[in-house]
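Here is the structure we will look at.
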Amino acid sequence: MPYDFNQQIIQEFRANRGKVGGPFEGARLLLLTTTGARSGVRRTVPLGYLNDEGGRMLVIASAGGAPHHPAWYHNLRAAPRVTVETGVFTIEAEAAVLEGEERERLFARAVEADSGWADYQARSGRVLPVVALTPRSVSFPDLPEGASPPLHADRLDATLVPATSDDRAAVMAAIRSLLAGAPALGADVTPALAHTGGVPGVWVSAAGGSATGDGVTLYVHGGGFEHTQPALEPLMACRLSEATRRPAFKVDQRLAPAHPYPAALDDVVAVYRSLLEQGVPSDRVIVCGESSGGTLVLSALLALKEAGDPLPGAAVAISPLTDLTLSSRSLDVDDGRDVISRRVAEHVTAQYLAGAPADQAPQSPLHGDLSGLPPLLLVAGTAEVLLDDTRRFAAAASAAGAEVTLDLYEDMPHAFHASVMAQDPPAVAMTFLRRLADWVVESRARGRRGC
């Protein structure tokens, strides 16, 4: 592509967090920056790419079918350390030119996805190199001013999980189907323990085991701090029980506006403490929540730490609101792309806080001391207004030394994972469950506390 045309794409890509229009609208692009083999000058080019197993990104040195390799390919052969921008992450990566069977297999996969690669190769008269880009560290250059950088790169495992417009449509259709009627639960709802600290809720076990032996997944539902869906929430607890391989307890926390902060937080803390009182090891508890429930999960970690309680072994927050001052840029950038809006965030925050400060923890988790937290799995969609709430918390927690896994699902809306409750969950929802299950297993295998 001509240099000036490339610059237009680069500028549009950076301004719109990876989205461009024109002939490349809807294409999966990245920006690759290499160091000139002769000049030493840093050069950036937009390229199409494919995702590969293990978090690698694959680019092909097609040069549009020209008979010679592109300049960026020669550059990375000389200096394999490169920078990759995805629109969500900026990644320092190591480039490796693939050879032999691996190159043939992955090029065939590229051709299967887009036959244009085969056309380019035929036109060029050369074997098109396939290059794997392996991430070494991740940063978030477009976070709002004052956001903490991820100083502990080795403690931040960030992944952009690919999805398509068809995946988004399937998610929305699955969620609409749930509004028409909930599938049968099909799980054991026998109480796993004698009490839950005086807080009501539902026990769901889809994996067998015992609370004291295998641990408990404590599930805190979303709903903007003010709504509950009794027919659906046990289904989510069931899916979480399956993925984490232990009984789950769905907390029926008190709701605003009748019960504003700190009522719901007190309920989550009370249930957690009751588990420990009845012999559940703290490091066998996984606390999990979405949306406002994700906020409560992170708030509970800070409240428990402040009180000197043993912390749970791990925590999962999906699409959480972490900064109740509502200063995240995505609240405006992604407004209109998501199923919720800034206006919704303003409403739920005002009702929940009821006059409590928005810039203090634990109610606003981002504003707390994040040192000493257990391993965290943070999940969000890249099209949601709370995207930066998740990214900012991930950066701040990793900067404070926490082990953070950040999964961002391409083009997904707020709380897209709810589609796992459908009778026939879409593929991206099953990817969420698989990644959650793998994270639990990997955490245990690495000897981390918890899981």
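The values are calculated or read from the model by the stated rules, or taken from the named source; none is laboratory data. No experiment lies behind these values; they were computed from the predicted model shown. Cβ placement follows ideal geometry from the backbone for every residue including glycine, while neighbour counts extend to all protein chains displayed. Ligands, DNA and RNA are excluded from the accessible area calculation, which covers all protein heavy atoms including side chains. Shrake-Rupley method; radii C 1.70, N 1.55, O 1.52, S 1.80 Å.
Some points to look at:
- Gain upon complete extension [F24, A307; 0.36 nm per residue less C-alpha separation]: 96.6 nm
- For the set H227, H414, H195, solvent exposure ranked by accessible area (probe 1.4 Å, protein chains only) runs largest to smallest as H227, H195, H414.
- Taking each residue as 0.36 nm, the span from V111 to R136 lengthens on full extension beyond its C-alpha to C-alpha distance by 6.2 nm.
- A probe of 1.4 angstrom, applied to the heavy atoms of all protein chains, finds E226 with accessible area near 40 square angstrom.
- Region 219-255-region 322-364 distance, computed between alpha-carbon centres (Å): 22 Å
- When both bridge partners sit in the chain, DSSP labels roughly 55% of those beta bridges antiparallel.
- Estimated dipole of the chain in Debye, rounded to 20 [Cβ of Lys and Arg +1, of Asp and Glu -1, Cα centre]: 840 debye
- Length gained when the stretch E104-R81 is fully extended (0.36 nm per residue, less Cα-Cα span): 5.9 nm
- Signed unit charges on C-beta, dipole axis of the chain, positive-most listed residue A361, T34, S115: T34
- Entry note, the chain: the mean residue ellipticity at 222 nm calculated from DSSP H runs of n ≥ 4, each adding -39500 (n - 2.57), is -10500 deg cm²/dmol after division by the residues and rounding to the nearest 500.
- Förster radius 60 Å - calculated FRET efficiency between A194 and H74 (Cβ-Cβ, nearest 0.05): 0.30
- Taking every C-alpha pair closer than 8 Å and separated by at least 6 residues, the mean separation divided by the residue count of region 367-451 gives a relative contact order of 30 percent.
- In the complete set of protein chains, residue-level accessible area for V268 is approximately 0 Å², probe 1.4 angstrom.
- Computed with a 1.4 Å probe over protein heavy atoms only, the accessible surface of region 51-98 comes to 37 Å² per residue.
- Taking label positions 7 Å along the Cα-Cβ direction at both S371 and D359, the computed distance is 2.3 nm, reported to one decimal.
- Label-to-label distance, nm, for residues given as T325 and R126 (7 Å Cα→Cβ offset): 5.2 nm
- Longest exposed-site-free window of the chain, the sites being trypsin sites (Lys or Arg not before Pro) in a DSSP loop that have at most 10 other C-beta atoms within 10 Å: 39-445
- Share of carbon and sulfur in the accessible heavy-atom surface of the chain [1.4 Å probe, %]: 51 percent
- Protection proxy ranking of 312-322, 215-225, by the mean of other Cβ atoms within 10 Å over each peptide's residues and highest first, is 312-322, 215-225.
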